[in-house]
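Reading through the structure tokens given below for one structure.
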Amino acid sequence: MPSSGLGAAGTGGCERGPGHHRGNDQAHGQAGDCNPGDRENSLYASVELSLRRLPPEMRELVQGLAVFHGGGNGFNMSAALGIEPKELAKPAAWLIKVGLAELREHGYIRLDPALSDFLRLGQSTERLAELEAAWAEAMSQLVSFLYEQMFKDCNLAATLTLLELPNLMALLDWLEQQINADPAKAEEISTVAQLTEKLLSDLNQPQALARAVELREKAANLISDWGRVCFEDEYSMIERLLDQGNMQIAFEYARSLLKKAQSAGPQAYENADYHLAMAHFLLGRVLNNVEQAAPALDFLIESQQLFEALGKLGKQMASTALVEQADCLSKLGRLDAAAEKYEEAIRRDEQQEDFRGVAIGKGQLATLRYDQQRYDHALAGYQEVLTIFERLGEPASISTIWHQIGMVHQKTGHSTKRLRPPIAVHWK
């Protein structure tokens, strides 16, 4: 995703512009119809006074912010305003100067809570529909981008998802209106809902997660033929069952999903072969979670082979399958074999520069060494993982690793205040 371009301009050196846009007169007149002591009137009056300080061309440009909810990523704002991301720096600087916006992390711009509502008052229904369409397209692209970042920079993905939560909820409402008007859009809308669901799955936002699940299921129910959407709908449902601890039901659905994928075959639709591999992986993961490590191992080995047959498309999941196999082997007491699987997964992740995958594999291997009472190896492994998570900027993972390090020191009688030796981590 392109940079918002906010670093290109500061707030200093800007001058106040005379006059204000006619649409703001209309909005002010409507706001003025309220009772004198009405809070909304007071908020709108404050917003209008701030807007008057903008140059006329800036007041005209920022009208497009009417469709945002609480703020937005700089890239999305530039898309909705119809300008290049680097061109957003100037209007953003002006809004910050007059107190209508503030810059947050990762290029997110927080807007005055009353700004968007005030801007909507002065615009026609047709114009707002155009702006909402551009905003929705930009939001859908942001959802895809954030989903990709879950595997590269999960701190960025989580932070931006939470900041964008009001926009994401508004997007789901807008998409539902679209699917009600045109059920033929069910497939593309299902994809956005499903990715939004994945973004929210670990962020402790149950109402928002339920809303995404509701729309994903609604879209899938409009598609009768078995294919990508139906597979992904059932896969997501099983993931929710696992999150809720409904293991037996998850197992039954996972077994059914694999049968459906096998019955359809690897050529049934685009990426059906990938879904077949995913179905094997999911059933193996479910079995592993219900302490059926031996049968789980068979499905996970099969999934690895299927992923490897896909070439580049299956590389990441083949490595993930190796880690899951190693977990099964650990439960079966085959610790040396488990260590070999972890080491192979780590090697592959290093080749793909999947540093988060490297950290997960090394963390699991360190825990295995701890279980083997090889505490020096466990400590070295955890310290290396800590270094990686520090580079990735993942506070929650860093906290978890410090806890693991503390457990090792507790076993060995060493203090956690002891300085860590330098760790060699391969970064590009």
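The values are calculated or read from the model by the stated rules, or taken from the named source; none is laboratory data. The structure presented is a predicted model; accordingly, all values stated were derived computationally and were not measured. Quick reminder, even Gly has a Cβ in these numbers, built from the backbone with ideal geometry, and neighbours come from all protein chains shown.
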_Going by what's in this entry, would residue 247 be described as among the aliphatic types (A, V, I, L, M), under 21 Å from the mean Cα position of the chain (by Cα), within 29 Å of residue 305 (Cβ to Cβ) and assigned by TED's automatic domain parsing to the domain that holds residue 310?_
no
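Here is a yes/no grid of residues against (1) modelled with pLDDT of 95 or more; (2) assigned to a helix (DSSP H, G or I); (3) out of contact with any Phe, Trp or Tyr (no Cβ under 7 Å at 6 or more places or on another chain); (4) crowded, with 16+ Cβ neighbours inside 10 Å:
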{"site": "262", "(1), (2), (3), (4)": "yes, yes, yes, no"}
{"site": "270", "(1), (2), (3), (4)": "no, no, yes, no"}
{"site": "275", "(1), (2), (3), (4)": "yes, yes, no, yes"}
{"site": "283", "(1), (2), (3), (4)": "yes, yes, no, yes"}
{"site": "295", "(1), (2), (3), (4)": "yes, yes, yes, no"}
*asked:* Could you check the stretch 348-385 and list, in sequence order, the residues that are farther than 23 Å from residue 150 by Cβ, assigned to a helix (DSSP H, G or I) and among the basic types (Lys, Arg)?
replied: 369
*asked:* So residue 333 passes all but one of these: (1) closer than 25 Å to residue 291 by Cβ; (2) part of a helix (DSSP H, G or I); (3) free of Cβ contacts under 8 Å to residues at least 12 places away in the same chain; (4) not aliphatic (A, V, I, L, M). Which condition number does it fail?
replied: (2)
*For residue 391, all conditions in the list (1) over 21 Å from the mean Cα position of the chain (by Cα); (2) farther than 24 Å from residue 284 by Cβ; (3) surrounded by fewer than 16 Cβ atoms within 10 Å (Cβ to Cβ); (4) of a type outside the set (A, V, I, L, M, F, W, C) hold save one; what is the number of the exception?*
(1)
*Just for the stretch 215-255: of the residues that are in contact with a Cys (Cβ under 9 Å, 6 or more places away or on another chain) and of a type in the set (Gly, Ala, Ser), which one is surrounded by the most Cβ atoms within 10 Å (Cβ to Cβ)?*
220
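Here is a yes/no grid of residues against (1) among the β-branched types (Val, Ile, Thr); (2) outside the structural domain of residue 284 (by TED's automatic domain parsing); (3) touching a helix residue (DSSP H, G or I) at 6+ places or on another chain (Cβ under 9 Å):
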{"position": "322", "(1), (2), (3)": "no, yes, yes"}
{"position": "326", "(1), (2), (3)": "no, yes, yes"}
{"position": "329", "(1), (2), (3)": "no, yes, yes"}
{"position": "333", "(1), (2), (3)": "no, yes, no"}
{"position": "338", "(1), (2), (3)": "no, yes, yes"}
{"position": "342", "(1), (2), (3)": "no, yes, yes"}
{"position": "346", "(1), (2), (3)": "yes, yes, yes"}
{"position": "349", "(1), (2), (3)": "no, yes, yes"}
{"position": "352", "(1), (2), (3)": "no, yes, yes"}
*Tell me, yes or no, whether the stretch 306-314 has at least one residue that is of a type in the set (Phe, Trp, Tyr) and under 16 Å from residue 381 (Cβ atoms).*
no
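Here are some residues: 352, 305, 404. Which one is at pLDDT below 95, surrounded by fewer than 22 Cβ atoms within 10 Å (Cβ to Cβ) and within 28 Å of residue 278 (Cβ to Cβ)? Give the derivation first.
Details: 305 fails: at pLDDT below 95; 404 fails: within 28 Å of residue 278 (Cβ to Cβ).
Of the residues listed, the single one that is at pLDDT below 95, surrounded by fewer than 22 Cβ atoms within 10 Å (Cβ to Cβ) and within 28 Å of residue 278 (Cβ to Cβ) is 352.
Scan the stretch 167-225 residue by residue and report those that are acidic (Asp, Glu) and more than 16 Å from the chain's Cα centre (by Cα). Write out each step before concluding.
Step one: filter the stretch 167-225 for residues acidic (Asp, Glu), giving 173, 176, 182, 187-188, 197, 202, 214, 217, 225.
Result: 173, 176, 182, 187, 188, 214, 217, 225.
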*asked:* Considering only the stretch 369-377, I want to know if a residue exists there that is within 20 Å of residue 285 (Cα to Cα) and loosely packed, with under 15 Cβ neighbours inside 10 Å.
replied: no
*Those residues that are of a type in the set (A, V, I, L, M, F, W, C) and either over 21 Å from residue 138 (Cα atoms) or free of Cβ contacts under 8 Å to residues at least 24 places away in the same chain (or both), I need them from the stretch 178-208; list them, please.*
181, 184, 203
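Report yes if residue 82 is touching a strand residue (DSSP E or B) at 6+ places or on another chain (Cβ under 7 Å) and modelled with pLDDT under 95, otherwise no.
No.
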*asked:* Go through the stretch 158-196 and report how many residues are charged (D, E, K, R) and more than 17 Å from residue 219 (Cα to Cα).
replied: 1
*Among the residues of the stretch 195-244, count how many are among the small types (Gly, Ala, Ser), closer than 18 Å to residue 178 by Cβ and not assigned by TED's automatic domain parsing to the domain that holds residue 143.*
0
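Okay, residues lined up against (1) crowded, with 19+ Cβ neighbours inside 10 Å; (2) in the same structural domain as residue 65 (by TED's automatic domain parsing); (3) free of Cβ contacts under 8 Å to residues at least 12 places away in the same chain; (4) under 30 Å from residue 356 (Cα atoms):
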site	(1), (2), (3), (4)
106	no, yes, no, yes
115	yes, yes, no, no
118	yes, yes, no, no
133	no, no, yes, no
143	yes, no, no, yes
146	yes, no, no, yes
*Residues of the stretch 308-336 being surrounded by 15 or more Cβ atoms within 10 Å (Cβ to Cβ) and small (Gly, Ala, Ser), which ones?*
314, 318, 319, 321, 326, 330
*Among the residues of the stretch 70-88, which ones are on the phi > 0 side of the Ramachandran plot and in a loop (DSSP other than H, G, I, E, B)?*
70, 82
*asked:* Residues to consider are 253, 269; find the one that is among the hydroxyl-bearing types (Ser, Thr, Tyr), more than 27 Å from residue 337 (Cα to Cα) and without any contact (Cβ under 8 Å) to a residue 24 or more places away in the chain.
replied: 253
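Filter the stretch 127-151 down to the residues that are touching a Lys or Arg at 6+ places or on another chain (Cβ under 9 Å) and hydroxyl-bearing (Ser, Thr, Tyr) and list them by number. Please lay out each step first, then the result.
Taking the stretch 127-151 first, the residues touching a Lys or Arg at 6+ places or on another chain (Cβ under 9 Å) are 128, 147, 150-151.
147, the sole residue that qualifies.
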